[in-house]
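Only one structure is covered here, and it is reproduced in the block below.
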Amino acid sequence: MSIQTEVARRRTFAIISHPDAGKTTLTEKLLLFAGAIQIAGSVKARKASRHASSDWMEIEKQRGISVASSVMQMEYRDCVINLLDTPGHQDFSEDTYRVLTAVDAALMVIDAANGVEPQTIRLLQVCRARNTPIITFINKMDREVKEPLDLLAEIEEHIGMDAVPMSWPVGMGKAFEGVFDIARDKMRLFRPGQERRDDSKDDVIDGLDNPEIAKRFGDAFTSAKNDIELIQAASPVFDRAEFLAGRQTPVFFGSAINNFGVQEVLDALVEQAPPPGARTAMERQVNPEEPKFTGVVFKVQANMDPAHRDRVAFVRVSSGKFNRGMRLKVSRNGKEIRPNNVVSFLSQRRELVDEAYAGDVIGIPNHGILHLGDVLTEGESLHFTGLPFFAPELFQAVEVKDPLRIKQLRTGLAQLGEEGAIQVFRPIAAGGALLLGAVGQLQFEVVAHRLAAEYGCEARMMASRYSMARWITAEDPKELRKFIDANASHIAYDVVEAPAFLVTSGAQLRVAEERYPSIRFHAMREHG
Ligand code: GDP
C-alpha cells in the first residue's frame, strides 16, 4: 500500500475523562468491538492492580504497566486505530496533557450522573487550545442520571463547542429503553450485555412518529420525542467540517459496561475523526504523506528495570515510513541513532515493529539519548512546536542529605526533568535550593524514590512557600530584564533556561500583572 493509503486509514486518538467515568471499560469495549480481544477483562485486570495502593512497589509496577498499555493499536473496517492511553492517576496529569499533543482526535467520556467533572475540564482546555476534534460519549445511561438536555447544556458551557446529539436516550436507569438514532430515524432497543460482543442483530424500530413505539414506551418516549423536536428546532445539525475545526462535538449516549452505544462511537471514529494531518515545525510544514520519516518524542517512560536506567521514548510518527533498523538523526544535537528493537503496540502486545506510518506510535528503548520533545528525522534538521509544559501548582525545595552526593542529585534531577517526571527550577537568589515543581503531589514521592533507587542519592524535600509559577516573556527584552532585576527573589530558571516568576498567591500574581503591563505571564510553555 502507498504511504497515502496508509496515512488515510490511520486514526489516532485518546480518551479523556474524569476517573471512574468509564474510560477503562470503554477502552476494553472498543477493543472488543474492533475484534482485537475476544473477552473483556484484560484491560480491567491491569487497572485493578494500578489502584491497589500507592506504595513504592506499586509505583514501580505502574511504570511497567503503563509502558505496556500506553498505546493500543487495532484494525477496524480497513482502518488502523491507535488509542493512546492517558495516565489515570491525576497526579500524572502532566503526562496526560502531552499525550494529547500526539493525537488527532479525542473521545470524551462523561458519567451521565456527574456531568462534566474537573479533570475532564482541564484536559479539554488542552484539546481546545489545539482545536482537537472531540467526540462525546455520555456513559452510564443504565443509571439514574442527569436529564440529557441539562447534560448537553453543561457540555456546551464547559467546552465552548456546539454539542450535537447523534442519538437520544429513551428513559434512564432501570427504565432505560434504548437510544433514538436521530439521523436514521430509528430507535435501537437497550439490551444489557457483558463480556462478549453479541453479534445477533440489534433490535431496531423505525420512526419517531411510529405509534407503536409511542405505545410501547409511553412517557419515556414522549419525553424523548419532545426533547428531540426541541433540539432539532434549536441546535445546528452535525457538520463534519465544524467538527474537524473543533467547533462541534457529536454526542452519543450509551452504557459502556453493557456494550451499548460502543459500536456507534467506533464507527464515528472511523467515519468522522480525521486521519493524521500536517504538523508545523519551525522550519516548515511537514505533511504526513512525505516519503521521508519524521517523528516527535511526546513521552518518555522509565522502564521496569531501575538498574539499567533504560527508558522508552514514545515517538509519534509525523511523516513518511519507519522501517526497523533505519538510521535516524536527533535534531536537538545531530546525533545518529539506529534503533533495532523498536516496539509497536499491536492489540496490547508489545511487538517488534517492522514499519509504521504517520499517526502510529513507536517505542524506542534507550539510555537517555532521547528527550521529551526530540524530533527524529532521516537527516533534516527540524523542530516541532507545541509540546506543552504546564506551570506547576505544587513546589518543594530539594536538598541532598549527603553533600558529597550533590552531583548525583543534579544528574538525577536533570534526567527526571528530561523525562517530564518533574520540573526543576533554579532560583537566581544566591544560595537558593533547587525547586521542584509538580502538578500532583505523588510526583514528589516518585522523584524522591527514584533519586534514591536509581541515582543513590537521598534527597530531602522541604516545604516551599510558592504555590504558582508563570513563565515570563516580553516583546522588549529590556523590559523583561527590568522585571527580572526588580523581582529577583521571585525568579527561577527552568531546564531550558526559560525564566519563571514564582508567587505565593494568585493575588500576588495579579498585582504584578497590573504593575507590569509589558510582561506576559504564561501558564503554559511550549517546547521548541
Ligand atoms: P475509569 O476510571 O474512567 O477507567 O472507569 P472504569 O471503566 O473503571 O469504570 C468505573 C466504574 O464504573 C466501574 O465500576 C465500572 O464497572 C462502572 N461502569 C462503567 N461503565 C458503566 C456503565 O455503562 N454503567 C454502569 N452502571 N456502570 C459502569
Using each residue's phi in the stretch 412-423, evaluate 6.51 cos²θ - 1.76 cosθ + 1.60 at θ = phi - 60° and report the 3J(HN,Hα) Karplus result to the nearest Hz, with x for Gly and Pro.
x, 5, 4, 6, 5, x, 4, 6, x, 6, 7, 10
Dipole size in debye (nearest 20) for the chain around its Cα centre, Lys and Arg Cβ +1, Asp and Glu Cβ -1?
1620
Projected label distance in nm at Lys292 and Arg128, using a 7 Å step from Cα toward the beta-carbon
3.9
Under 1.5 on a/c is rounded, so check that first for the stretch 388-526, then, if it is not, pick prolate when a/b is larger than b/c and oblate when it is not; a ≥ b ≥ c are the square roots of the alpha carbon gyration tensor eigenvalues.
prolate
Of the beta bridges DSSP finds with both residues in the chain, what % are antiparallel, to the nearest 5?
75
First select every other residue whose beta carbon is under 9 angstrom from the beta carbon of Val330; then total the charges, Lys and Arg +1, Asp and Glu -1.
+1
What residues qualify as long-range amide H neighbours of Leu387, i.e. H under 5 Å apart, gap of 5 or more or another chain, H built at 1.01 Å from N?
His527
Are any of the pairs Lys29/Lys329; Lys140/Lys225; Lys23/Lys174; Lys140/Lys321; Lys146/Lys215 more than 30 Å apart by Cα-Cα distance, and if so, which?
Lys29/Lys329; Lys140/Lys321
In Å, what Kirkwood hydrodynamic radius results for the chain from the alpha-carbon pair distances?
24.7
Model label zone, Arg184; criterion: amide N under 12 Å from point 7 Å along Cα-to-beta-carbon; scope the stretch 135-153
none
When N counts the residues of the stretch 314-455, how does its alpha-carbon radius of gyration compare numerically with 2.2 N^0.38 Å, as a ratio?
1.24
Which distance in nm do the two modelled labels at Ile406 and Arg465 give, with both placed 7 Å along the Cα-to-Cβ direction?
2.4
Stretched out fully, how many nm does the piece from Glu497 to Ile3 gain, at 0.36 nm a residue minus the Cα gap?
173.9 nm
By per-residue mean of other Cβ atoms within 10 Å, what is the highest-first order of 487-495, 287-295?
287-295, 487-495
Once R0 is set to 25 Å, what does the formula 1/(1 + (r/R0)^6) return for the Cβ-Cβ distance between Glu526 and Asn333, expressed as a FRET efficiency to the nearest 0.05?
0.80
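No lab work stands behind these numbers, since they all come straight from the coordinates. The structure displayed is predicted, hence computed values, not measured ones. Methodologically, a virtual Cβ is constructed for each residue, glycine included, from the backbone with ideal geometry; neighbour enumeration extends over all protein chains shown.
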